[in-house]
Structures are given as structure tokens and as C-alpha cells.
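For reference, the structure is listed below as C-alpha cells.
No lab work stands behind these numbers, since they all come straight from the coordinates. In this text the structure is predicted, and so the values were computed from the model without any measurement. For neighbour counting, all protein chains shown are included, and Cβ atoms are generated from backbone atoms with ideal geometry for every residue, glycine included.
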Amino acid sequence: MPSNASPTPDTAANSAANTSAPVRRIARRPFWLRVLGTVNGAIGGAIVFVLILSAALAGWIAPYPPAKMAVGGRFGLPQAAHPLGTDEFGRDLFSRIVFGSRLTLTIGAIAVGISLIAGLAVGLTAAYRRGWVETVLMRSSDVLFSFTETLIALACVAVLGPSLQNAMIAVGIAGIPFYARTCHSAALVEVSKPYFEASVAAGAGHARLVFVHLLPNVFPTMVVVATLGVSSAILAAAGLSFLGLGAQPPDPEWGLMLSGAAHYLNRAPWLMVVPGLSIAVTVLGFNLLGDAIRSAMDPRRQG
């Protein structure tokens, strides 16, 4: 009967090809399309893009210098000349928010850069050298990891002194234990794989093993961690500025703006709402983008 006939080899091959074709098309999608093709990636990418655009074109977007006082009345309500109102010194709040985006991106880039570079160095060294080197490095990271990042950052700022530059360095140092532990775990997985053991047996040198075989396979994981870590760095730096240990007046840093607006919450609540929302939206954007990058790099979800 035709219904019981076995499929011919050509029919089976065509069926298999039709079944696997959508998977191959998805796998060939560019990385940026896999990231921005999701809801999280689209929203997060749009927020980060607007932040970058605002920072790059702050001089053209902002109608007034960020530190110029008396450009409007004190505690001015939002109006055409001042879309977000003015602060206690008559400075345009919109201009300060726009220029503050530059500081926010700088804080995230420098703090995460310090944590990422140092964490990679510690994690790779511990996973590759093993023995007492691994024990010393990882136990030291565990000791630092037992303290909160805020406490480590406060200790660093107490030593270095209160300033925006020192706050970025302090936040970067505070994040090193987490990055080191993550890198160490990912590197241990790669070291135990057959390709790495085969390279060792073939007589590959230390530099080749670390920079050709180990680092390229660990780095994608660390990129995801770094993207998600930008939001933590921004929050930590804003917290230090709010306490008066980070940016100093008249810098238009959002955490410092929150600190100054706290004294006038009843009189001018928008002074606290605007920088608070700016921090919240920025953190949300980097978190969503980091989550989309993590999903795009996961081979189990590409099909």
C-alpha cells in the first residue's frame, strides 16, 4: 500500500534538508542581529545608543553649559527654555543630565576595564599555573569576595581621597574578585578539554597556550560579565558620589545631583526624580543588553 511504503533515500534526504534548513538559517544570522533581534536586546540597545549619542553630542544637545549658574530662576518648573526645570543654583537640569551621561559612560568604561583586565590576569594565571599559585590567588580573591563591593570601594576612596577619578578606580578594584573568580572557573573548563591537552602534548609554548587557546575561549564569557557589570559600576559610583566621596561640585554627575536634591525634596521633587530616573533607565538598558548578549552567545539557544 502507498501509505506503508518506505520513503526513498532521495525523499528522506530532502525531508532532512527541509527540517534542518531553518536551523542553519538561524545559525548563520549575524551576531548583532541575534542580539538586537530580541525584545531585551532591542530595548537595551536603544537605551545604550541614546546614552552614547547624548554623551557624544552633549555640546550640541545641551542648551547651556552644565555648571553655569543663574541661567534661569531657582527651582524653576519645566518650561520651554528649561525642559526639565532648574536646580537650586538656577542651572539648567536638562544640560546637566546630558553632560552627566559622559561621566556615566566614563565611569562604566574605566571601572569595568580595571576589573576586567585585572580579573583576566588573575583568573588565567591561577587556572594555567595551578598549584600554590592558584591557591594564593584564589584564596586572596575569596578573602576580598567576602566583603561587599561598596565596602571595598569605601576603603579605597578613604585611602585615595574623594574624587571622581578615585571613585572609578575604587569601583574597578572592588570588582576584581568577582571577575577573577568568573575567569578562573571558565578557564578551568577550557584547560580540561581535549584540544588544550592535545596542544600541551604537542609542545605548544606558554604564550601560545594562554593567548591563542585559552584567552579567546574565555573572553566571550567575560564580555557578557563586563556588560552586565557596567550597571553595577554605575550604581556603585553614584552611591559614592551621593555620600560625597565620588564626584565633587560642580561636576554634573547623577549621583552627586541626587545628593544635592535630597535637601530640597519637598520644595522641588523633580530635582531628585530626573537624575534618579536617568540612573534607573541606564542600569536597565545595560542589564537588558547584557542579557541579550548572553543569550546570543549561548549555543543552545541559537537553534
Item to check | Helix 39-56 vs. the chain, principal-axis angle (Cα, 0 to 90°, nearest 10) | outcome: 50
Checklist entry - If you work out Cα Rg over 2.2 N^0.38 Å from the coordinates, which of [x] 0.98; [y] 1.16; [z] 1.31 do you get? => result [z]
Item to check | Extreme residue, positive dipole direction of region 38-301, given options 204, 227, 81 (C-beta unit charges) | outcome: 204
Checklist entry - By count of other Cβ within 10 Å, fewest leading, how are 227, 106, 135 ordered? => result 135, 106, 227
Next on the checklist: Given an 8 Å cut-off on Cα distances and at least 6 residues of separation, report the relative contact order of region 241-303 as a percent.
Outcome noted: 20
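Loop only by DSSP, 15 or fewer other Cβ within 10 Å of the Cβ. Give me the trypsin sites (Lys or Arg not before Pro) in region 112-194 that pass, ordered by residue number.
Here the trypsin sites (Lys or Arg not before Pro) that fit, given the DSSP loop and packing criteria, are 130.
Treating the beta-carbon of each Lys and Arg as +1 and of each Asp and Glu as -1, no other charges, what is the dipole magnitude of the chain about its Cα centre, to the nearest 20 debye?
Its charge dipole is roughly 500 debye.
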Checklist entry - If you add up the charges near residue 163, with Lys and Arg at +1 and Asp and Glu at -1, over every other residue whose beta carbon is less than 14 angstrom from its beta carbon, what do you get? => result -2
Checklist outcome for this item: Relative contact order of the chain (C-alpha contacts under 8 Å, at least 6 apart) in percent is 24
Item to check | Crossing angle, helix 164-174 versus the chain [Cα axis fit, 0-90 degrees, rounded to tens] | outcome: 30
Checklist entry - Quick one: helix 9-27 against the long Cα principal axis of the chain, what's the angle to the nearest 10°, folded into 0 to 90? => result 20
Checklist entry - What is the distance, in nm, between label points placed 7 Å from the Cα along the Cα-to-Cβ direction at residue 132 and at residue 208? => result 3.0
Item to check | Stretch gain in nm, segment residue 39-residue 284, where the contour uses 0.36 nm per residue and the Cα spacing is subtracted | outcome: 86.9 nm
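Could you list 122, 50 so that the one with the fewest beta carbons within 10 Å of its beta carbon is first and the one with the most is last?
With the sparsest Cβ surroundings first, the list reads 50, 122.
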